[in-house]
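The values are calculated or read from the model by the stated rules, or taken from the named source; none is laboratory data. These numbers were taken from a predicted model, which means no experiment stands behind them. Cβ placement follows ideal geometry from the backbone for every residue including glycine, while neighbour counts extend to all protein chains displayed.
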Amino acid sequence: MRRAYHAMRSGKGGPVLIEIPAEVWEAEYEGELDYAAVKVQRAAPDPDAVKTAVRMLLKAKNPLLLAGQGVLYAEASDRLSALAELIPAPVVTTNPGKSAIPESHPLALGASTRSRPKMFTEFMAKADLVLAIGSSLTRTPFGPGVPAGKTIIHSTNDAADINKEYRVDHAVIGDAALVLDAVIAEVGRQKGAGGGNALASLKEEVAAAKKGWLAEWGKHLDSEEMPINQYRVIRDLMRTVDRDDVIITHDSGSPREQLIPFWETTAPGSYMGWGKSTQLGYGLGITMGAKLAAPDKLCVNIMGDAAIGMTGMDIETAARNRIAILTVVFNNGVMAAERDVLEISTKKYGALTVGGNYAKVAEGLNVAATRVEKPAHIVPAIKEAVRVTESGAPFLLEIVVKEGYDFSRYPLAGL
Ligand SMILES: Cc1ncc(C[n+]2csc(CCOP(=O)(O)OP(=O)(O)O)c2C)c(N)n1
């Protein structure tokens, strides 16, 4: 158990599986239990590596910070924002790193899975140096990737990730909070006073890029169409809930691609981004976990109709245990994410289409539910849903949406 807790908590921590043979499981332990809680261990970076990293950062014309989930685990979001302002440099995040810098921050460009905000692509394209921090820099279709031709500084707490999938120009090993502390202090030493103008003009550039991108998507976000446009639901949800007090996630399929670019996080840890292991139903499970860990937050998962069809019986677990999550179902009657790959089985068996009324299913599983078909009913339904979750019970909000497979793609050249 000591080894297991150490592996869970230290370094690049994560789940641990312990296999216990039956005869051990059933045996009585004789004697005093000799167990002490295992402390979290953190590694600090090599000071010379920090000096070199800062020299490179300050020499770069367009440096960009790429933050991963390690920044969230290290609770280093404030330091990340401080470094961004100090250099100054804009910040993008990986999919699991989303909210490592709150996206309401004026230097935040958002997160990326296969979809991403336009300014993510624009600023990544023109960056000459990328400092990846708290990221394994693993190549995945559900992450951003760093296009070829950029100088890469890779900072992670796991030395095994360095040079794994990218040839990096420089590495700084260590816990993201300790690395950021050291880098901030070194920037202070190497950089003279001034730079205020550069920060102000960078903020203006980011704000203009963001405004332009949102204007392009206004027709979706503000859509009055029926069946309802998914982006309109995301917009209304953002406007109705207190984003500081939310933990939200998506399921796999279109909801992930739709939510990640447009859900602007305001607090670290308020979004659970995932995708490398992309099984439908994961969003529902981790939302229940989030609610158990943070009972005062509004915990939301957005899933498609195929997703709830395959994995949704677990909402009964939430009802039985009074795990007061909010499940939003985008019911478009199809597996839109699979449209391009299910040609033959769709012709032969109608495999693409799924049908059902999930509000009725929810009621059968003791979960209060509403089905919404008109845009004007979205906000009142969200308010009712939040009220029910605040009373301690889960809620299912089914929204009849259009198929909608327009995503905020903006591909990155050179990947
Ligand atoms: C358990 C599991 N089965 C199959 C898949 C493959 N898959 C990914 S998305 C998807 C369809 C999702 O459809 P839906 O939930 O209705 O969302 P939509 O894309 O239509 O919005 C499927 C079958 C998966 N990721 N996980």
| said: Going by what's in this entry, would A125 be described as assigned by TED's automatic domain parsing to the domain that holds P88, farther than 29 Å from Q258 by Cα and part of a helix (DSSP H, G or I)? | reply: no
| field | Where a residue in region 215-236 is of a type in the set (D, E, K, R) and its partner, wherever it lies, is modelled with pLDDT of 95 or more, with Cβ under 6 Å and at least six apart | value | E224/P375; R232/S223; R232/P375; R235/L221; D236/I378; D236/V379
| request: Kindly establish whether G414 is modelled with pLDDT under 95, among the small types (G, A, S) and surrounded by 18 or more Cβ atoms within 10 Å (Cβ to Cβ). | output: no
| said: Against the condition outside any loop (DSSP other than H, G, I, E, B), modelled with pLDDT of 95 or more and out of contact with any Cys (no Cβ under 8 Å at 6 or more places or on another chain), how does T311 come out, does it pass? | reply: no
| query | What residue, among those in region 251-263 that are buried (at least 24 other Cβ atoms within 10 Å of the Cβ) and within 10 Å of the ligand (Cβ to nearest atom), is farthest from K402 (Cα to Cα)? | reply | D251
| field | Failed condition for C299, given (1) away from the ligand (no atom under 14 Å from the Cβ); (2) out of contact with any Ser or Thr (no Cβ under 8 Å at 6 or more places or on another chain); (3) not in a loop (DSSP other than H, G, I, E, B) | value | (2)
| With respect to D236, is the statement that it is among the charged types (D, E, K, R) and under 25 Å from D48 (Cβ atoms) true? | no
